[in-house]
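Accompanying notes for the structure given below.
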Number of protein chains: 2
Amino acid sequence: MAERPLHGGDPSVLRRLNSAATLRELRDGGESTLSGLANRVGLSRPTTEGVLGELIGRGLVAEVAPRPGSALGRPARRYRFRAEAGHALGIAVDAHRVRLLVTDLGGEVAGGHRAGLDPHARPDARIAAVRAAVKECLAAAGIGRASLRAVAAGTPGVVGPDGTVTRCAAVPGWEGVELGRELGRSFACPVLVENDANLAAMAERWRGAARAADDVVCVYAGLHTGAGALIGGRLHRGRWGAAGEIGMLPELGLRDTTAVLLTGGGPGPAASGAALAGLASAGPALDDAERVLAAAGRRDPAATEAVERLAARMSRGVAAMALALDPEMIVVGGPLAGAGAPLVGALRRHVPPLCLSPVRIEASELGDEAVGLGAVRLALDRIDEDLFRVDRAPGAAEPAGAPAEPGATESAGR
Amino acid sequence: MAERPLHGGDPSVLRRLNSAATLRELRDGGESTLSGLANRVGLSRPTTEGVLGELIGRGLVAEVAPRPGSALGRPARRYRFRAEAGHALGIAVDAHRVRLLVTDLGGEVAGGHRAGLDPHARPDARIAAVRAAVKECLAAAGIGRASLRAVAAGTPGVVGPDGTVTRCAAVPGWEGVELGRELGRSFACPVLVENDANLAAMAERWRGAARAADDVVCVYAGLHTGAGALIGGRLHRGRWGAAGEIGMLPELGLRDTTAVLLTGGGPGPAASGAALAGLASAGPALDDAERVLAAAGRRDPAATEAVERLAARMSRGVAAMALALDPEMIVVGGPLAGAGAPLVGALRRHVPPLCLSPVRIEASELGDEAVGLGAVRLALDRIDEDLFRVDRAPGAAEPAGAPAEPGATESAGR
């Protein structure tokens, strides 16, 4: 009557299955007594006791101090997931700034940091500034580097499967930088790199406007406008990490979006390219854009017209993503989606007439935290893979993408 | 030491799990002796014997006649999956013809049929003609209607989740037709309806150019050009069944593709719309298009120029799908992909310069069988759901989409 065993009869795999199931139950279902936990997981008491011993030994579970005076006699021991057993670091880096967010294993924010970057800095200087910001962030949060179990970084541009920035118009000199490998030198844990719009999409589903949705397009409107897509609840990166780069087609109006807002663009890509060239430093350009958006929010006629013009132009690209994927929801985020979201309101008028299906367009609720938050989510997913994998011993996981160099931890922050 | 049981302790679910595992092993792994099968599935001999008895009773498994003189003594009994226990019917219907394909449960082709349709026929006449074709197809193949376990139909246009054609430019009067419900009247089994490009994508992965790929875009070039996408090996329909309808944006050059090939199109959508209006009957237009493609294959200069012009125009739309999804492969199928595939060759020159990632473009190998074959695959997938489901008793499955009307079977073919 035996079912085909999932573990192929290997007792060490069975132990890991039991351990993973117990850990997941404690993390997702909250603290519990031994018997309660045994019952919830479907294991015997002695097996559960053994598993808990192992998890306590790995620092992932702790006994909870009994509540004082909570009961007569000896209270039953209770156990909890130690979310503080490790941390995830999310990094959002672009032309003019770096934003960091660090959380515990439960996704609770434990610290953060922001720093401006020189938009004209060379890649090595930019990476050094990121390292310095990481050092400052961890110091301020009182978190040791050894506590990090995974790090993820978001950047504009296309990120290849190996963590190299293969295409990037928004950050000078960034194309070809092996960002995963470079950042990997600073950490002993896995380091992942991902496109910023892709991370924004993950963040919106985790803690933003797309919490209930599985098929989501996130349009991330900044200097240029990119898009990321979740399909069936999972990030769709594409074969070369370039999914969502529909802005490559100039007629879809997603290039130079900030420049178009500020200058009105022109009849074609050449004109808008020229307009962009005049805006050498992305930082001030985005600041100016935010002023225009704020003015549109106050119904300033010229600013309102500029936003309408931009939305009319962008609507082709947003509609192209909507037509290609027919998602449940489109979330518009990024710097140009802020300031009362006049751009989102304008897109709600311009996009639906171009589409076949009812289109739901929502404004991001995450402001400029989206990319960093998505990076944390990606890092936490990577940590989950290690915590809940059953095909090899815990701790035997190797960093994906960027192999950590032994002793490289000390060299961080140079 | 017990794992949490997948079946929640319900013995009837355990029986169904065992039954499904045994059936799958026999179907996918080939015929077997009792002990061999028990070993392959990981069940005891008595359990396997019980399961086989049940599957034989359901007509899904048969004992194989021992090979004459193959061994001394009594040969061990062998069992096989009865692929002939049921059939799947695929229907491809468009403006000017209907093509049918019927296979057994193993996907082996058991029959087929084609018939021309009047492009100006009203929907009820078109559906009646489809019913007549089904009748003829089944009679010629000697397959009783009761043997059909699922039917799927492919059509141009957008098909809503309930099997209604919600948008369709290629078949006059087709918009709003409840095709799933209408065809459902003819069958006692589940009837599914799907967009033709989506089915072509499924066919290419099943038996065509995309056999090794999980993320595939299929561009289906006909009167208009549609697209279907598989993501992670599964069809991505989208929230309203409209994924891939990127041709809605006229600047992407996927509308009126046959007209553009024949007339050279014009400066804008209005001109090509007018060109199309002159081609009232889709059938002859496609025949003319195939003559142009054949001439281009013979290097006729005018025809070659017409194909180049069409490819240059279509390349925007093909690139838009490639940029949105960054698939492993783009398969170009449909009537315009035939005749030595000069269009595919031209797209291979025009599309890559518009894209960021290396783009792999392949010609369909399935000719005009793609949609019917994809429909059969969809029907077989639906049958698999019933055969291998474990959450309720076999046979308790209800048709998805179009509920069958009791006794409706006799009314088919009117």
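Determine if segment A:309-316 includes at least one residue that is within 11 Å of chain B (Cβ to nearest Cβ) and either under 20 Å from A:Ala242 (Cβ atoms) or touching an Asp or Glu at 6+ places or on another chain (Cβ under 7 Å) (or both).
There is at least one residue in segment A:309-316 that is within 11 Å of chain B (Cβ to nearest Cβ) and either under 20 Å from A:Ala242 (Cβ atoms) or touching an Asp or Glu at 6+ places or on another chain (Cβ under 7 Å) (or both).
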(message) When you check B:Ala212 against the structure, is it at the interface with chain A (Cβ under 7 Å from one of its Cβ atoms), more than 25 Å from B:Ala289 (Cα to Cα) and either more than 14 Å from the chain's Cα centre (by Cα) or among the basic types (Lys, Arg) (or both), yes or no?
(response) no
(message) Filter segment A:337-351 down to the residues that are away from chain B (no Cβ under 14 Å) and part of a helix (DSSP H, G or I) and list them by number.
(response) A:Ala337, A:Pro342, A:Leu343, A:Val344, A:Gly345, A:Ala346, A:Leu347, A:Arg348, A:Arg349
(message) Condition first: more than 20 Å from A:Gly317 (Cβ to Cβ) and among the basic types (Lys, Arg). Now tell me which residues in segment B:216-251 satisfy that.
(response) B:Arg234, B:Arg237
(request) Scan (1) without any contact (Cβ under 8 Å) to a residue 24 or more places away in the chain; (2) under 30 Å from B:Leu286 (Cβ atoms) for the single condition B:Glu25 breaks and write down its number. (result) (2)
(request) Answer yes or no as to whether A:Arg309 is charged (D, E, K, R), modelled with pLDDT of 90 or more and not in a helix (DSSP H, G or I). (result) no
(request) Among the residues of segment B:307-321, write down those that are open to solvent by less than 10 Å² (accessible area, probe 1.4 Å) and either among the small types (Gly, Ala, Ser) or more than 18 Å from B:Asp214 (Cα to Cα) (or both). (result) B:Val307, B:Leu310, B:Ala311, B:Met314, B:Ser315, B:Gly317, B:Val318, B:Ala319, B:Ala320
(request) Go through (1) within 30 Å of A:Gly112 (Cα to Cα); (2) open to solvent by 20 Å² or more (accessible area, probe 1.4 Å); (3) within 23 Å of the chain's Cα centre (by Cα) one by one and return the number of the condition A:Val376 breaks. (result) (2)
(message) Please go through segment A:216-267 and give me each residue that is of a type outside the set (Val, Ile, Thr) and open to solvent by 40 Å² or more (accessible area, probe 1.4 Å), ordered by number.
(response) A:Gly232, A:Arg234, A:Leu235, A:Arg237, A:Arg239, A:Trp240, A:Met248, A:Pro250, A:Glu251, A:Arg255, A:Leu262, A:Pro267
(request) Restrict the check to segment A:351-365 and report whether at least one residue is among the basic types (Lys, Arg), at pLDDT 90 or above, open to solvent by 10 Å² or more (accessible area, probe 1.4 Å) and over 24 Å from B:Val318 (Cα atoms). (result) yes
(message) Can you tell me which residue is nearest to the other protein chains (Cβ to nearest Cβ) among those in segment B:323-336 that are within 14 Å of B:Val219 (Cβ to Cβ) and either among the hydroxyl-bearing types (Ser, Thr, Tyr) or open to solvent by 10 Å² or more (accessible area, probe 1.4 Å) (or both)?
(response) B:Pro327
(request) Go through segment A:352-393 and give me each residue that's basic (Lys, Arg) and either in contact with a helix residue (DSSP H, G or I) (Cβ under 7 Å, 6 or more places away or on another chain) or within 14 Å of another protein chain (Cβ to nearest Cβ) (or both). (result) A:Arg360, A:Arg377
(request) Could you figure out which of (1) in a strand (DSSP E or B); (2) open to solvent by 40 Å² or more (accessible area, probe 1.4 Å) isn't true of A:Glu84? (result) (1)
(message) Just checking, does segment B:178-188 include any residue being out of contact with any strand residue (DSSP E or B) (no Cβ under 7 Å at 6 or more places or on another chain) and within 11 Å of chain A (Cβ to nearest Cβ)?
(response) no
(message) With the requirement that a residue be more than 30 Å from B:Arg24 (Cβ to Cβ) and of a type in the set (D, E, K, R), what does segment B:339-388 give you?
(response) B:Arg348, B:Arg349, B:Arg360, B:Glu362, B:Asp368
(message) With the condition being open to solvent by less than 50 Å² (accessible area, probe 1.4 Å) and not β-branched (Val, Ile, Thr), I'd like the strands (runs of 3 or more DSSP E) fully within segment A:98-213 carrying at least 1 qualifying residues.
(response) A:109-116, A:148-155, A:191-195
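The values are calculated or read from the model by the stated rules, or taken from the named source; none is laboratory data. Because the structure is a prediction, the values reported are computed rather than measured. Heads up, the Cβs are rebuilt from the backbone with ideal geometry, glycines too, and the neighbour counts pull from every protein chain shown. Each accessible area value is taken on the protein alone, full model and side chains, heavy atoms only, with ligands, DNA and RNA left out. Shrake-Rupley method; radii C 1.70, N 1.55, O 1.52, S 1.80 Å.
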